[in-house]
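Contents: one structure, followed by commentary.
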Amino acid sequence: MPFIEFNGQQIEVDEDGFIQDPSIWTKELAEFLAKTEEVEEMTEKHWKLVNYLHDYYEKFGIAPMIRKVTKETGISNKEIYELFPSGPAKGACKVAGLPKPTGCV
Amino acid sequence: MAGKNRKLITLQDMKKPQDVQLSAPDLNSYMKLPKPYDTVESQPALKEPKGSWTEKNITFLDGYAGIENLVRPETKEEERALVEKFLSGLEKILSDDTNRAMIQPLLLSLEYCAKCNTCSEACHIFEASGKNEIYRPIFRAEVLRRIAKNYLDKNRKLVRKWDENDPDLNWETIARLGELAYRCNLCRRCAQTCPLGLDNGLIAKEIRKIFSQEMGIAPKPLHEKGTMLQLKTGSTTGMTKPAFLDIIEFIEEDIEEKIGRKIKIPIDKKGADILLTHNAGEFMAWPQNPAAFAILFEEAGLDWTLSSEITGYDSVNYGIWYDDYQAKQIGTLQFKVARELGVKRIIIGECGHAHRAAAVSLDRSVTGEHYIPRESSLPLLWELTRTGKLKFDPSKNNFPVTLHDPCNYVRSMGIVKPQREILKVIAPMFREMTPHGVDNYCCGGGGGFAIMNSMNFAEFRNTVSTRKKFQQILNAFADTIDNPDIPKYICAPCSNCKGAIRDILEYYDATEKYNLQYDGLVELMVNALASMDRPYLEFLIEEEE
């Protein structure tokens, strides 16, 4: 497994840079991961999306369906790609500390 | 003919040392795409591979890597283990005792090939690659055949121990063969065309099986995050019962907001006629599909239910792509859910490999007390259309539509007519792809490719394995491709195919530029329902707004 270095710590990530242990996720780590996703600054909208994803994951153990995300955050699919260029699954979920989405999604 | 810049690859090349890469991705050598993607400049440039995996994984076949845990051995012992385990796995797949279900077609395919190459002409990956030798269907088979010939006797028992000085076999051969087993979509177009009925797709799958069962090597999305996660949580998406129920509640609200109808989706209804099973990816990525099924089934007054039991809400079975044992375990659990619910039959939603797994592959391996009739949803949907239980106003689908035929239920099960008869009723501008029906081409996502995205495998899919399908799509819409005001709908009634097609459209930016849209069949049916007072398809709703 590859590792990334954050605040002097070695953090385990998968081949695509998703952290392996969601429980170590913090705001600072999110900001750090955002930089790897070509997000220079986490704006209020970025946080709204990331917090929603993180909270849903804590409750249900999976990422929320994309339609639910857009409806409940009011951020459209197109806007998500503007916020996170690699999209909701690869970009936003990674920053929110979720594991990489699996299955036929 | 090999591509312009390409040297002919021979079987001997498979054992070249790891610093020799047999072929390199090259857009100039690939099959030409139709307008507006007819120049290399109109296609996205290939990406230079980067990351630690380029040193670790098996990139020295063709520059791509698809299997996360197939890595270069670091010691002589590891090299030996790789080869020896492969050989013992080979003996097992060629033994009546350990491969009873597959041994007959496998032996026929290994022993009777006359190398006529009819299959090569039929293979979309071989054609799309510009006829790159390593992707020729019989090339892979021949590598396996020669190893078997050298190491097994007439009774198919291992008769030799591997010697590291063997001029014909080294660890690099095995490593390359492992990756090469994942350059085939298992679409079986080659098997259909073979004059002797031999199946090179099966050979690819059996190689995958050796790697999985004997060596513990398989793509992570198929095994660790696939069948293993499904056995643990009930779904390859990791969806648990509470998550499933949350999603269904959301879909019910969404239906009401979208079309103004209050629909209660039946869950765990004992003794219902139908247990409808969906690929759980539909709930996550395409909830409009299970919603459309609910709308149609309710309108037609069917006695149906979904299941919230573990494995009852995910019809996928990735086991059939790489590991029969995993396939059987999952199938058994899925059938058990239906038996315990007391339904009369399982109706399989729009998922191709779930059709093949539940209706065909498991027919011989899950029997007895778990037996339950399994049927495709397509003939049922045609029945509801034909008998007028569902009434349509086809003028609502006033845009060009083409149909993609999922290999798993079209070629493998012969379900060809229902979906076309429905389209003739609901889509006045329906046109076929060329060729179609049982002669269709794979979407390029088959055999697990649609969900294999680690390292640089997605680029192989988007540029090579889906290339033939993209060509067919562009040709089907040649009359209107230039006009971005006209939406062009690719009807793909299969979750896996939809995933592959979604990625093609995204990769080539074809929705944004040329208004190519895609979704399943039931969405198009709901859009044309006479009783609906507003459009159902997302791109029509957006247009209105």
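A few comments on the model shown:
- The range B:401-514 shape via C-alpha gyration tensor axes, a/c threshold 1.5: oblate
- Using R0 = 45 Å, the C-beta based FRET efficiency linking B:Glu224 and B:Lys149 works out to 0.85.
- Taking a straight line from the alpha carbon of B:Lys336, these lysines sit under 20 Å away, with near neighbours fewer than eight places off in the same chain left out: B:Lys232, B:Lys241, B:Lys269, B:Lys270, B:Lys328, B:Lys344.
- Top positive-direction residue, dipole computed over chain B with Cβ charges, set B:Phe283, B:Gln104, B:Ile203: B:Gln104
- Rolling a 1.4 Å probe over the protein heavy atoms of the protein assembly as shown, with every protein chain left in place, gives an accessible area that is 50 percent carbon and sulfur.
- Mean partner shielding of peptide A:58-70, defined as the number of other chain Cβ atoms within 10 Å of each residue Cβ, is 6.
- Of B:Lys396/B:Lys468; B:Lys220/B:Lys258; B:Lys47/B:Lys513; A:Lys94/B:Lys32; A:Lys100/B:Lys209; A:Lys78/B:Lys396, those spanning more than 28 Å from alpha-carbon to alpha-carbon: B:Lys396/B:Lys468; B:Lys220/B:Lys258; A:Lys94/B:Lys32
- When +1 charges are put on Lys and Arg Cβ atoms and -1 charges on Asp and Glu Cβ atoms, the dipole computed for the range B:223-382 relative to its Cα centre reaches about 460 debye.
- Amide H contacts of B:Gln517: B:Lys488, B:Tyr489, B:Ile490, each under 5 Å away and 5 or more positions distant or on a separate chain (H built 1.01 Å from N in the peptide plane; Pro and chain starts excluded).
- Counting, for every residue in B:285-291, the Cβ atoms of other protein chains within 10 Å of its Cβ and taking the mean gives 3.
- A simple rule links phi to the HN-Hα coupling: the Karplus curve 6.51 cos²θ - 1.76 cosθ + 1.60 with θ = phi - 60°, which for the range B:299-313 gives 4, 7, x, 6, 9, 9, 7, 9, 10, 9, 6, 3, 6, x, 10 Hz, with x for Gly and Pro.
- Computed about its Cα centre, the charge dipole of chain B is approximately 1840 debye, with only Lys, Arg, Asp and Glu carrying charge at their Cβ.
- Spatial separation of Cα centroids for the range B:18-39 and the range B:272-342, in angstrom: 39
- Chain A - charge dipole about Cα centre, Lys and Arg +1 at Cβ, Asp and Glu -1, debye rounded to 20: 580
- Rough spin-label spacing in nm, given labels placed 7 Å along Cα→Cβ, for B:Arg345 and B:Ser395: 3.6
- Accessible surface calculations at 1.4 Å, restricted to protein heavy atoms, place the protein assembly as shown at 40 Å² per residue.
- FRET efficiency, B:Glu538 to B:Glu77 (Cβ-Cβ, R0 51 Å, nearest 0.05): 0.35
- Positive dipole terminus of the protein assembly as shown, leading residue within A:Gln20, B:Ser365, B:Met14 (C-beta point charges): B:Ser365
- Two-decimal log10 I(q)/I(0) for the range B:489-545, as the Debye equation yields it once each C-alpha is a single scatterer, q = 0.19, 0.30 Å⁻¹: -0.72, -1.20
- Chain B contacts chain A over a buried accessible area of about 2300 Å², both sides summed; the probe is 1.4 Å and only protein chains count.
- The residues packed around A:Glu40, meaning those with a beta-carbon under 15 Å from its beta-carbon, carry a net charge of -4 if Lys and Arg are +1 and Asp and Glu are -1.
- Entries in A:Lys35/A:Lys59; B:Lys417/B:Lys488; B:Lys35/B:Lys131; B:Lys35/B:Lys391 that, when Cα-Cα distance is taken, lie over 32 Å: B:Lys35/B:Lys391
- For chain B, Cys with no neighbouring Cys Cβ under 4.7 Å: B:Cys113, B:Cys116, B:Cys123, B:Cys184, B:Cys194, B:Cys351, B:Cys491
- Working from the Cα coordinates of the range B:364-448, the gyration tensor eigenvalues give, after taking √(5λ), semi-axes of 27, 20, 9 Å in decreasing order.
- Computed from backbone phi, the HN-Hα couplings of the range B:130-138 come to x, 6, 6, 3, 5, 8, 4, x, 7 Hz, rounded to whole numbers (Karplus: 6.51 cos²θ - 1.76 cosθ + 1.60, θ = phi - 60°; Gly and Pro given as x).
- For chain B, alpha-carbon Rg relative to the globular expectation (2.2 N^0.38 Å, N residues): 0.98
- Gyration tensor (alpha-carbon) shape descriptor, the range B:11-214, a/c threshold 1.5: oblate
- When peptides B:413-422, A:73-82, B:448-457, B:194-203 are sorted by average Cβ neighbour count within 10 Å, with the highest value leading, the order is B:448-457, B:194-203, B:413-422, A:73-82.
- Rounded to the nearest whole angstrom, the semi-axes of the ellipsoid equivalent to the range B:223-382, taken from the Cα gyration tensor as √(5λ), stand at 25, 18, 13, largest first.
- If R0 is taken as 35 Å, the Cβ-Cβ distance between B:Ser88 and A:Glu28 corresponds to a FRET efficiency of 0.10.
- Share of pairwise Cα separations in the protein assembly as shown, more than 35 Å, in percent: 41
- Along each principal axis, Cα extent of the range A:3-95, largest first, Å: 38, 29, 22
The values are calculated or read from the model by the stated rules, or taken from the named source; none is laboratory data. Note that this is a predicted model, so its numbers are computed, not measured. Please note: Cβ atoms are built from the backbone with ideal geometry, for glycine as well, and neighbour counts cover all protein chains shown. Accessible surface is based on the protein model in full, side chains and every heavy atom, while ligands, DNA and RNA are left aside. Shrake-Rupley method; radii C 1.70, N 1.55, O 1.52, S 1.80 Å.
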